Amino acid sequence: MNSMMNKLLGRSIKNSLGRFLAIMIITMLGSAFFGGLMATQPAFLKTAQNFTDEYNLYDFRILSTYGIDEDDIAEVAALEATQTAAGSVYYDAIANTPGGELVIRILSITEGVNDLMLVEGRMPENENECVIDSNYFTDTEIGDVITFSDENEEDTLNALQESYTVVGKVFSPLYMNTERGTTSIGNGKLSSFMYVLEESLDFEYYTEMYIALKGDWEIYSDEYNDYVDSLEAIFEDTAAVTVYARYSDIVSEAEEELLEGEQDYADGEQELIDGEQDYADGQQELADEKAEGEQELADAWAEIEDGRTQILSARQELLDAEKTLAEAKAEYEEGLAEYYEGLAEYEDGVAQAEAGYGDLVAGEAELASGWNELQAAQAQLDDAWAQLEEGKAQLDESEEIYNLCVSVLTFQDENPDIYDIL
């Protein structure tokens, strides 16, 4: 029976030798790969253990939206199980790099926990220097300058320096895989990270705290997991106390600001009431001054009307005087003509004196009569001239009043807002 089976097996292998060899090779490769994995697992774990120990990867991370201050860190550092406690802050921003725009996370450098492995260059020494991700910053070299896009939020731009000079490249224990995390800006995915000194960031409080525990523990071991689980409640209680204290401080500050704001509001309301009263008083004073100004303007207008009436009256008197003067002049000229006519007749009479004494006497009588008429006309002319001079004087005085009134009216026309000013 066995010989028959061996014959059949040998015949099957001989007829399908290629398939038999392929199965043998696959089996050998699978066994070798499995054996390699089983042999390299301890090496992988040992490498990770050495790296996390050397660069002090954190054991606990505490986050607080109310913020973490130095007192909170000191309280956690005072716990028996704590080896190192350090505050940290970060900002996500769109950065302008030589390789183009990247969405990166800017973190503050911590001491004693999450230490950086320097791959190239040196660590920052002032607030305008930084170190960058050695794996993901392409086309960026030491000495290049990184700036930030105006599309970032104003608070983010205010917290960062205008630019950072790259002085080194690092590997961070926080990013041991290929993923760099997510964010709320840009496309929602972080491309890389960079580290700066804490003093180069403008912030009021830390947003997270990293804690490294005492003891030499093997990572991924049950003992380490049990130990971490046993301390979780302690750190949660401590974090709760610090968060509550921070919350109380914030509430107290807010209440104090609210009280100050209410007092400022009350003061402002009183100032508003006082201002309204001052406004009412000013309105009343303005109304009084306006009424007084209107009265003064009305009085001035009445004076103008009186002056205009006087001017018209004086002008009429002047016209009457001119008419009288013209009439007196006409009478004078008529008397003068009669005088010359009488003189001519007298001369004719003298010429005819020899012809008759009676004609001479008659001529002399007519001449005397003409002379008397001439004297009367001269007297009337003198009276008319005196009236004309008096009328001219009154006219000159009336014209001065008239010019004054015209000036007032012109000023009123050029300044239509005189009522409001008064």
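Scanning segment 139-175 for residues that are touching a Pro at 6+ places or on another chain (Cβ under 8 Å) and not in a strand (DSSP E or B) returns Asp139, Thr140, Glu141, Asp144.
Taking the conditions (1) at pLDDT 80 or above; (2) open to solvent by less than 80 Å² (accessible area, probe 1.4 Å); (3) polar (S, T, N, Q) in turn, Gln295 satisfies each one other than (2).
Going by what's in this entry, would Asp72 be described as over 22 Å from Leu197 (Cα atoms) and of a type outside the set (Phe, Trp, Tyr)? Here the answer is no, as Asp72 does not meet what is asked.
Screening Phe203 on (1) under 18 Å from Val131 (Cβ atoms); (2) surrounded by fewer than 19 Cβ atoms within 10 Å (Cβ to Cβ) shows it passes everything except condition (1). I'd like to verify a number: residues in segment 7-27 that are open to solvent by 100 Å² or more (accessible area, probe 1.4 Å) and polar (S, T, N, Q), how many? Of the residues in segment 7-27, 1 are open to solvent by 100 Å² or more (accessible area, probe 1.4 Å) and polar (S, T, N, Q).
If only one of Asp133, Asp150, Asp155 is within 15 Å of Asp92 (Cα to Cα), buried (at least 20 other Cβ atoms within 10 Å of the Cβ), at pLDDT below 95 and of a type outside the set (A, V, I, L, M), which one is it?
On the way: Asp150 fails: buried (at least 20 other Cβ atoms within 10 Å of the Cβ); Asp155 fails: buried (at least 20 other Cβ atoms within 10 Å of the Cβ).
Criteria check complete, one pass: Asp133.
Inside segment 92-116, residues that are open to solvent by less than 60 Å² (accessible area, probe 1.4 Å) and either in a strand (DSSP E or B) or of a type in the set (A, V, I, L, M, F, W, C) (or both) make up a count of 17.
Taking the options Tyr227, Tyr244, Tyr195, Tyr210, name whichever one is outside any loop (DSSP other than H, G, I, E, B), over 24 Å from Val119 (Cα atoms), modelled with pLDDT of 80 or more and out of contact with any His (no Cβ under 8 Å at 6 or more places or on another chain). First the steps, then the outcome.
On the way: Tyr244 fails: modelled with pLDDT of 80 or more; Tyr195 fails: over 24 Å from Val119 (Cα atoms); Tyr210 fails: over 24 Å from Val119 (Cα atoms).
One residue alone meets the criteria, Tyr227.
Annotation note: of Asn56, Asn135, the sole residue that is in contact with a strand residue (DSSP E or B) (Cβ under 7 Å, 6 or more places away or on another chain), closer than 21 Å to Thr178 by Cα and part of a loop (DSSP other than H, G, I, E, B) is Asn56. Taking the criterion of being surrounded by fewer than 19 Cβ atoms within 10 Å (Cβ to Cβ) and part of a loop (DSSP other than H, G, I, E, B), the residues of segment 176-190 that qualify are Met176, Asn177, Thr178, Glu179, Gly181, Thr183, Ser184, Ile185, Gly186, Asn187, Gly188. Filtered by the rule that a residue be open to solvent by less than 80 Å² (accessible area, probe 1.4 Å) and within 28 Å of Leu116 (Cβ to Cβ), segment 28-49 gives Thr40, Pro42, Ala43, Leu45, Ala48, Gln49.
Can you confirm whether Ala300 is among the aliphatic types (A, V, I, L, M), surrounded by 12 or more Cβ atoms within 10 Å (Cβ to Cβ), in contact (Cβ under 8 Å) with a residue 24 or more places away in the chain and more than 30 Å from Gln375 (Cβ to Cβ)? So Ala300 passes the test.
When residues of segment 66-91 are filtered for being assigned to a strand (DSSP E or B), β-branched (Val, Ile, Thr) and over 18 Å from Asp216 (Cα atoms), how many remain?
Within segment 66-91, the subset assigned to a strand (DSSP E or B) is 66-68, 82-88, 90-91.
Subsequent filtering for residues that are β-branched (Val, Ile, Thr) retains 68, 82, 84.
Then keep just the ones that are over 18 Å from Asp216 (Cα atoms); that gives 68.
Adding up the residues that qualify gives 1.
The values are calculated or read from the model by the stated rules, or taken from the named source; none is laboratory data. These numbers come from a predicted model, not from an experiment. Ideal geometry is used to build each Cβ from the backbone, glycine not excepted, and the neighbour counts take in all protein chains shown. Side chains included, ligands, DNA and RNA excluded: accessible areas come from the protein's heavy atoms. Shrake-Rupley method; radii C 1.70, N 1.55, O 1.52, S 1.80 Å.
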